[in-house]
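As structure tokens, the structure follows; a few thoughts come after it.
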């Protein structure tokens, strides 16, 4: 996943409107699991922010 692949309107909408700041920051910083793909971001995912981090396998200081 790279910045160029974020050009898709629907993915960009999801990032701007639905993904938690923790998940967005991890993606932009390149600190996401290697198996995380754009397809994963297009599939249904939890709306609760801590649940998103767990769902995508991203470490979060806020995850219980």
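Some notes on this structure:
- Within segment 24-43, residues that are on the phi < 0 side of the Ramachandran plot and without any contact (Cβ under 8 Å) to a residue 12 or more places away in the chain reach no partner that is part of a helix (DSSP H, G or I) and surrounded by fewer than 13 Cβ atoms within 10 Å (Cβ to Cβ) with beta carbons closer than 7 Å at six or more positions or on different chains.
- Listed here are the helices (runs of 4 or more DSSP H) enclosed by segment 17-63 that have at least 3 residues being at pLDDT 90 or above and within 11 Å of the chain's Cα centre (by Cα): 21-28, 49-56.
The values are calculated or read from the model by the stated rules, or taken from the named source; none is laboratory data. All values reported here derive from a predicted model rather than from experimental measurement. When we count neighbours, we look across all protein chains shown, and the Cβ atoms used for this are built from the backbone with ideal geometry, even at glycine.
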